[in-house]
Amino acid sequence: MMTKKITMRVNGREVVVEVDIRESLLEVLRGRLNLKGVKKGCSVGECGACTVLINGEPIDSCIYLAVWTDGKEIRTIEGEETGGKLSKLQQAFVDEGAVQCGFCTPGFIMSARALLDSGKKLTRQDIIKGLSGNMCRCTGYQNIIKAVEKAIEDKA
């Protein structure tokens, strides 16, 4: 087994971890850093349940090698809340009924966070396109789109 020590910033704090060079970021986040909000879905980058932000960009952590994160900023769903309180974006998901079983929700919120942080004036089509890498089996998507629109109104 070949390993490498990497340093990354996860949810605002510096983390140094030795990883197998074949390990996915998902495996490191869940298994080593105990960040269970990052979900393992399809394992092939299709469902978006494992979406995290790497330097502000939404990435499927199941197909992104952990060694590639050396020196990068990682944000997971655990970095979304502040002081034990839901962010406005998370609250919008609750308010709009965009949370059903909850499995896909962290990935959707991270993709939505990237959209909101882009600084662009977002249309409904922009939201739909920006969330297109995330799949949900429960909600039918409309409430998720409404939640992001609410977060935009609330300046989340």
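Every read-out reported here was derived from the displayed coordinates using simple, explicitly stated rules and does not represent laboratory data. Note that this is a predicted model, so its numbers are computed, not measured. All Cβ positions, even for glycine, are placed from backbone atoms using ideal geometry, and neighbour counts span all protein chains on display.
When only Cα pairs below 8 angstrom with a gap of at least 6 residues are kept, the chain shows a relative contact order of 24 percent. Under a Gaussian network description of the chain, with springs only between Cα atoms under 10 Å, the residue in 88, 146, 129 that fluctuates furthest is 129.
Residues of region 91-131 with backbone nitrogen within less than 11 Å of a virtual label 7 Å along the Cα-to-Cβ line of residue 155, please, listed as ranges. What the label zone holds, given the 11 Å backbone N cut-off, is no residue at all.
Here are some pairs, 36/88; 5/121; 85/120; 4/88; 40/72; which of them have Cα atoms lying more than 31 Å apart in this structure? 5/121; 4/88, as the Cα separations exceed 31 Å there. With contacts taken as Cα pairs under 8 Å and at least 6 residues apart, region 88-153 reaches a relative contact order of 55 percent. Between the Cα long axis of helix 105-117 and the first principal axis of the chain there is an angle of about 80°, rounded to the nearest 10.
Result for the chain in a Gaussian network model with C-alpha springs under 10 Å: among 117, 70, 60, the largest mean-square fluctuation is at 117.
Applying D = kT/(6 pi eta Rh) to the chain, where Rh is the Kirkwood radius over alpha-carbon pairs, T corresponds to 4 °C and eta to 1.567 mPa s, the Stokes-Einstein value obtained is 83 µm²/s. Treating the angle as unsigned and between 0 and 90°, give the value, to the nearest 10°, between the Cα long axis of helix 142-153 and the longest Cα principal axis of the chain. Here the helix axis deviates by roughly 90 degrees.
Give me the base-10 log of I(q)/I(0) for region 13-75 at each q in 0.22 Å⁻¹, Debye formula, one uniform scatterer per Cα, rounded to two decimals. Evaluating at q = 0.22 Å⁻¹ gives log10 I(q)/I(0) of -0.85. The fraction of all Cα pairs in region 88-153 landing in successive 5 Å bins from 0 to the largest distance is 4, 20, 36, 27, 11, 2, 0, given as whole percents.
In sequence order, region 123-134 has phi-based couplings of 9, 4, 5, 4, 5, 4, 5, x, 9, 5, x, 10 Hz under the Karplus curve 6.51 cos²θ - 1.76 cosθ + 1.60, θ = phi - 60°, and Gly or Pro positions carry x.
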